[in-house]
Each structure stands twice: as structure tokens, then as C-alpha cells.
Amino acid sequence: MEEIYQAIMEIIQSELPEIVYIDEDFGQLESLEREDDDNYPVLFPCVLIGNANADWEEVGMGAQAGNIQLAVRLGIDCYHDTHAGSGTVGQVAKRLELNNRLYRSLQCKRFGQDMDGLERVKSRDYTLPGNIKVYETIFSFNYHDESALWRNLPHPRKG
């Protein structure tokens, strides 16, 4: 699965050059809320990939098939006053378009023969303290994992 994270990062870096920080999601945005946290700083706009959730099924000899959901979060620092009549209401449209471009860059992408294409199944947006807007998209895909395949070994279970 590690190759999937890396491939997603490479696509985003290539297709959305304005994204200045792309990383695995290990709570960087939430750590911004805690002043005493020593985590690595996040630059904006950023994309964080992670929070995978998988349902696995044995398909034989140690191989498994999984349905995986993976979150891709776009974080943007919002310093413009975008209320109606402010003259900068277009900043809202810019944020939404960036999120839409991120979605389109990943939708239906495959990263090898062991997986189906990414399919958006859920999205939401929310805010964090410090004027941070987060657009979260959940992608789903099926994955065939043979990393524990019993190659040339007798079956370990006894009848």
C-alpha cells in the first residue's frame, strides 16, 4: 500500500503545483490547535493523505482482497474577508475550484494491477481554529494483497 501513498503524492505534486505541502496525514492540522506541540509545521495550501480504513477478506493461500477507504484532506489558510460585498468573495470560488481540481486529479486513478481506480464516495468541508478551511474527500478502491502469500509452503492449518 505504501506505493499508493507515494503515487498519490506524485500526482498531486505534478498536477497541482500550487500545493506547497503534501504528506501522509498524521494529525498535522489538529496539532496546529495545540500551542505546546512540537510537530513539524504545515505550509498552506497542503494536502494530507491517510486515515485508511480497510475491510479484508481471505481469497486463498494468504492472499486477501480489501475494500479500502482513504481520506485526502486539502487544508487552506483563509485570511481574506469573504463576506458578501467585501470585494474578495471570489476567494471562496478559488478554494472550491482547487478542491475540485484535486478531486479530478485522483478520480479513477489506478496505481498498479492490484487495485481498482480511486472512486470518491464521500466529501465534506469544515473549519479549524486559526482560519483553516479543510476539504476532505474519501476515496474507495478494491485492493488485492499478496504480500503474505504462502509461496511454495505447505498449508499451515491442519484439517
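The values are calculated or read from the model by the stated rules, or taken from the named source; none is laboratory data. Just so it is clear, the structure is predicted and the values come from calculations on it, not from any experiment. Reconstructed Cβ throughout: ideal geometry from the backbone, glycine too, with neighbour counts over all protein chains shown. Ligands, DNA and RNA are stripped out before the accessible areas are found, and what is left, the full protein with its side chains, is counted by its heavy atoms. Shrake-Rupley method; radii C 1.70, N 1.55, O 1.52, S 1.80 Å.
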Could you report the accessible area of residue 74 in Å², rounded to 10, computed with a 1.4 Å probe on the protein chains as they sit in the structure? 0
Where a label projected 7 Å from the Cα of residue 78 along Cα→Cβ would reach, residues of the stretch 91-119 with amide N under 15 Å: 91-100
By how many nm would the segment from residue 94 to residue 67 lengthen if fully extended, with 0.36 nm per residue of separation less the alpha-carbon distance? 6.4 nm
Quick one: net charge of residue 43's neighbours, Cβ under 11 Å, K/R +1, D/E -1? -2
